[in-house]
Amino acid sequence: MEKIKQFFRKTKRSYRALPDKKQYIEFFTAALTVPVLITVIIINLNNLKTNKTPSPQPQSSERPIVVNVPDSKGNNTVIQQPSNAACIKGIGPVSIDYPEESDIVNDNPIQIDINYEQGDYCAVVWSYKINDGKFSEYDDKSIALYNVPNGSIRFQLRVKSIVTGETKLLTRNFTYNGTSITPTASESAKP
């Protein structure tokens, strides 16, 4: 029991003496930071030297990506995305396949089929308007027109090259003779 008391007394005395030894602890930690800082500087300099050597560029495959996209008539359209090689600046061949000029359409929504074979041309986006409305925002998605008013419809498609900003305007006139869809709430949404 006496040894335990003696151990606690020694520990208590050394703990109380720590503030007097603080200067030695600070000197020791400061002396250790110098080699650490020198090591960090040397490692960074070596990394900078090795980064100056050119890294080999990954070789890209020249095969284009082929995607099959069915249109509203059930035909498959093949679209080829260009490889990483430079594309031809400008707008490639583009047309409105459906509805055809002077068609009478009864479908609601009206699916507008845009035939654009990108091939080696740079990407394009398009916006559209019906009759004398405003043009939509540019996008590259398919177009579906909901609840179009009955009668003569003038559909205008404005195609724009992303690279050059060149635009091309396509117009299609057709007649809509269908019924409007009235949205109804499902049973779970009714009060």
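Every residue, every condition in (1) assigned by TED's automatic domain parsing to the domain that holds G165; (2) in a helix (DSSP H, G or I); (3) at pLDDT 60 or above; (4) β-branched (V, I, T), yes or no:
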{"site": "Y15", "(1), (2), (3), (4)": "no, yes, yes, no"}
{"site": "K21", "(1), (2), (3), (4)": "no, yes, yes, no"}
{"site": "I25", "(1), (2), (3), (4)": "no, yes, yes, yes"}
{"site": "T29", "(1), (2), (3), (4)": "no, yes, yes, yes"}
{"site": "P35", "(1), (2), (3), (4)": "no, yes, yes, no"}
{"site": "I42", "(1), (2), (3), (4)": "no, yes, yes, yes"}
{"site": "L45", "(1), (2), (3), (4)": "no, yes, yes, no"}
{"site": "L48", "(1), (2), (3), (4)": "no, yes, yes, no"}
{"site": "V78", "(1), (2), (3), (4)": "no, no, no, yes"}
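Which of the numbered conditions does S83 fail, given that it passes all the others? Conditions: (1) in contact with a Lys or Arg (Cβ under 8 Å, 6 or more places away or on another chain); (2) at pLDDT 85 or above; (3) farther than 18 Å from D140 by Cα.
(2)
Would you check which residues across segment 123-136 are at negative phi and in contact with a strand residue (DSSP E or B) (Cβ under 6 Å, 6 or more places away or on another chain) and list them?
Selection gives V124, V125, W126, S127, Y128, K129, I130, F135, S136.
Can you find, within segment 117-159, the residue that is surrounded by the fewest Cβ atoms within 10 Å (Cβ to Cβ) among those that are of a type outside the set (D, E), within 19 Å of the chain's Cα centre (by Cα) and more than 19 Å from N173 (Cα to Cα)?
Checking each candidate, the answer is K141.
Inside segment 23-43, can you point out the residues that are surrounded by 10 or more Cβ atoms within 10 Å (Cβ to Cβ) and of a type in the set (S, T, N, Q)?
The one that is surrounded by 10 or more Cβ atoms within 10 Å (Cβ to Cβ) and of a type in the set (S, T, N, Q): T39.
The values are calculated or read from the model by the stated rules, or taken from the named source; none is laboratory data. Computed from a prediction, not measured in an experiment: that's the story for all the values here. Ideal geometry is used to build each Cβ from the backbone, glycine not excepted, and the neighbour counts take in all protein chains shown.
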